[in-house]
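S.K.: My questions will all concern the structure given below.
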Amino acid sequence: MNYDIISGLASKGLSIRKIAEELKTSPTNARYWLNKFNIKTIPRSENSEYKFCPRCETDKLKTEFYNRRNGKGNSVYCKTCSNNQTVERQKDFKQKCIDYKGGKCVCCGYSKCNNALEFHHLDPLEKDFSISSARFTTFDTRVINELNKCTLVCRNCHAEIHAGLIDLVNN
């Protein structure tokens, strides 16, 4: 590595990550050479307007990050990435629930779109929570116990069950 090149990049105010990109190397390697040459990068102050999102790998304004629950700083991911991650987690959870219940409507066999499949509690009095509004991230015994009280139906059949047009007991 060349001292002048690394020193020049650091003096421009580039972060270790940006220096590594310029040198086409890893941040660890860039950090090694910065330390070897005793070159200090300009630290990004806490008052900086920008923050790096490691998921989308872009610098964004701090206003594009949620505040942490404890009130100290911002979340790791930007709002867009946080929201996308939540949607992915919810879709994965619903897919596991659908797979557990057989993957198709018990009345008509519909299975094209997971968004159209719902969990119908056979006995509403035994319902501890609604699967669709559950905020669980793990598919565990609590979820399985609740799914055992349900049957998987499509939206149309679900509406017909509640309208009394389909009788699941005698079906």
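The values are calculated or read from the model by the stated rules, or taken from the named source; none is laboratory data. In this text the structure is predicted, and so the values were computed from the model without any measurement. Neighbour counts are summed over all protein chains in view; Cβ atoms, including those assigned to glycine, are modelled from backbone coordinates with ideal geometry. The accessibility values were calculated without ligands, DNA or RNA, using every heavy atom of the protein model including side chains. Shrake-Rupley method; radii C 1.70, N 1.55, O 1.52, S 1.80 Å.
S.K.: Relative to the longest principal axis of the chain, what angle (0 to 90°, nearest 10) does the C-alpha long axis of helix 27-36 take?
M.R.: Roughly 20 degrees, rounded to the nearest 10.
S.K.: Same structure, new question: If the chain between Ala116 and Thr58 were fully stretched, how many nm would it gain, using 0.36 nm times the residue separation less the Cα-Cα distance? Can you show the working numbers first?
M.R.: Values: separation 58, 0.36 × 58 = 20.88 nm, distance 3.53 nm.
In short, 17.3 nm is gained.
S.K.: State in Å² the accessible area per residue of region 108-156; use a 1.4 Å probe, count heavy atoms of protein chains only, and round to the nearest integer.
M.R.: Computed with neighbouring chains in place, this is 63 Å² per residue.
S.K.: Next question, about the same structure. Tell me what the chain gives for mean residue ellipticity at 222 nm when only DSSP H runs of n ≥ 4 count, each as -39,500 (n - 2.57), the sum divided by the residue total, rounded to 500 deg cm²/dmol.
M.R.: -11000 deg cm²/dmol
S.K.: What pairs from Lys96/Lys149; Lys18/Lys79; Lys18/Lys60 go past 19 Å between their alpha carbons?
M.R.: Checking Cα-Cα distances, Lys18/Lys79 exceed 19 Å.
S.K.: Just to confirm, what accessible area per residue do you get for region 20-105 at 1.4 Å probe, in whole Å²? Each step should come with its number before you reach the end.
M.R.: Values: 6290 Å² over 86 residues.
Spelled out: the 1.4 Å probe surface of region 20-105, per residue, equals 73 Å².
S.K.: Give the aspartates and glutamates whose C-alpha is closer than 12 Å to that of Lys101, dropping any in the same chain fewer than 8 places away, or say none.
M.R.: Leaving aside aspartates and glutamates fewer than 8 places away in the same chain, those within reach of Lys101 are Glu118, Glu146.
S.K.: Quick one: which residues, 5+ away or cross-chain, put their amide H under 5 Å from the amide H of Thr58? H built at 1.01 Å from N.
M.R.: When sequence neighbours closer than 5 places are left aside, the close amide H contacts are Cys53.
S.K.: So, with a 1.4 angstrom probe, what is the percent of accessible area on the chain that is carbon and sulfur? Each step should come with its number before you reach the end.
M.R.: Numbers: 5600 of 11770 Å².
Carbon and sulfur atoms account for 48 percent of the accessible area of the chain.
S.K.: Along the charge dipole of the chain, which of Ser130, Gln85, Leu168 sits closest to the positive end, that is, farthest toward it, with unit charges on the beta carbon of Lys, Arg, Asp and Glu (+1, +1, -1, -1)?
M.R.: Of the listed residues, the answer is Gln85.
S.K.: Given springs between every Cα pair under 10 Å in a Gaussian network model of the chain, which of Phe139, Phe65, Phe37 has the largest fluctuation?
M.R.: Comparing Phe139, Phe65, Phe37 in the GNM, the peak value goes to Phe37.
S.K.: If you don't mind, another one. If I fit a long axis through the Cα atoms of helix 79-100 and take the longest principal axis of the Cα atoms of the chain, what angle between them do I get, 0 to 90°, rounded to 10?
M.R.: Once rounded, one gets 30 degrees.
S.K.: Any idea what the relative contact order of region 1-152 is, in percent, if you count C-alpha pairs under 8 Å spaced at least 6 apart?
M.R.: After rounding, I find 14 percent.
S.K.: Moving to a separate point now. Specify whether the C-alpha gyration tensor of region 75-138 places it in the rounded, prolate or oblate class, a ≥ b ≥ c being the square roots of the eigenvalues: rounded for a/c under 1.5, otherwise prolate if a/b is larger than b/c and oblate if not.
M.R.: Since a/c reaches 1.5 but b/c is at least a/b, the shape of region 75-138 is classed as oblate.
S.K.: Could you run the Karplus curve 6.51 cos²θ - 1.76 cosθ + 1.60 with θ = phi - 60° over region 56-66 and give me ³J(HN,Hα) per residue in whole Hz, x for Gly and Pro?
M.R.: My calculation for region 56-66 gives 9, 6, 9, 7, 9, 4, 4, 5, 8, 10, 6 Hz in order.
S.K.: Quick one: length gained pulling Cys108 to Tyr66 fully straight, 0.36 nm per residue minus the C-alpha distance?
M.R.: 10.8 nm
S.K.: What nm value, rounded to one decimal, do you get for the distance between Asp99 and Gln85 when each label is placed 7 Å out toward the C-beta?
M.R.: Taking the two extended label points, one gets 2.2 nm.
S.K.: Could you tell me which of rounded, prolate or oblate describes region 94-171, using a ≥ b ≥ c as the square roots of the eigenvalues of the alpha-carbon gyration tensor, with rounded for a/c under 1.5 and, failing that, prolate when a/b is larger than b/c and oblate otherwise?
M.R.: Taking the square roots of the gyration eigenvalues as a ≥ b ≥ c, region 94-171 is oblate.
S.K.: Roughly how big is the chain's charge dipole about its Cα centre, with Cβ charges of +1 (Lys, Arg) and -1 (Asp, Glu), in debye to the nearest 20?
M.R.: Rounded to the nearest 20 debye, it is 820 debye.
S.K.: Which FRET efficiency value, to the nearest 0.05, do you get for Val76 and Leu168 by plugging their Cβ-Cβ distance into 1/(1 + (r/R0)^6) with R0 = 45 Å?
M.R.: 0.50
S.K.: Of [x] 1.18; [y] 1.00; [z] 1.68, which one was derived for Cα Rg over 2.2 N^0.38 Å from the structure shown?
M.R.: Label of the calculated value: [z].
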